[in-house]
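Working notes for the structure below.
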Amino acid sequence: MVIAPTLLGREDAGIEPLKRVEPIVVARRLELEHPQIVAAVLVHLAPEFAAEVLKNLSGPMRNDVVLRIATLQAIQPSALNDMNEAMLRLFAVPGPDSQKLPGGVAIAAKITRLMGADIETMVIESIRNYDPDLARKMVARFSGGGNAVA
């Protein structure tokens, strides 16, 4: 499943075409967008798909997007308009019109964990440089053993 189950009604209209697009294609189209717009788009995707998209973004962009996902709670109407315009331009359909986004530490941690050990370490280190407490919260959300960065 590409689309996260939290999407309801018209909110997923702009994300719908991504069901038919490979993650690398989505990444190439989003790479030139503002990281906040990319974050707003990715939180509407299933974490597994979002992780694949993020793996295909440049390191600095990827780190910035994950940080924005982790701190995302709501979106300003002007940013929502930017996202809608980006979705129209990039995927030729209208974007979601909801102002509440499903971002936050939990989804950022899940997406980060799904990108693999090397990328996970780089993302957590980048976030740790910005906000050590946020990095600790994300690491605490990682489930199971493996490559959690302390």
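The values are calculated or read from the model by the stated rules, or taken from the named source; none is laboratory data. Just so you know, these numbers come straight off a predicted model, no measurement behind them. Note: ideal-geometry Cβ built from the backbone for every residue, glycine included; neighbour counts use all protein chains shown. We work out accessible area using only protein heavy atoms, side chains counted, and drop any ligands, DNA or RNA first. Shrake-Rupley method; radii C 1.70, N 1.55, O 1.52, S 1.80 Å.
Listed values for region 107-120 are Karplus-derived 3J(HN,Hα) couplings in whole Hz (6.51 cos²θ - 1.76 cosθ + 1.60, θ = phi - 60°), namely 6, 4, 5, 5, 5, 4, 4, 6, 7, x, 4, 5, 5, 3, and x replaces Gly and Pro.
In the complete set of protein chains, residue-level accessible area for residue 78 is approximately 80 Å², probe 1.4 angstrom.
Placing 52, 33, 22, 120 in order of accessible area, with the largest value first and a 1.4 Å probe, yields 22, 52, 33, 120.
Residue order by solvent-accessible surface for 137, 55 is 137, 55, largest first, with ligands and nucleic acids left out and a 1.4 Å probe.
Computed with every protein chain present, the accessible area of residue 139 is close to 30 Å² [probe 1.4 Å]. With a 1.4 Å probe rolled over the protein heavy atoms of all chains, the accessible area of 128, 141 falls in the order 141, 128, largest first.
Label-to-label distance for residue 31 and residue 136 is 3.7 nm, based on points extended 7 Å past Cα in the beta-carbon direction.
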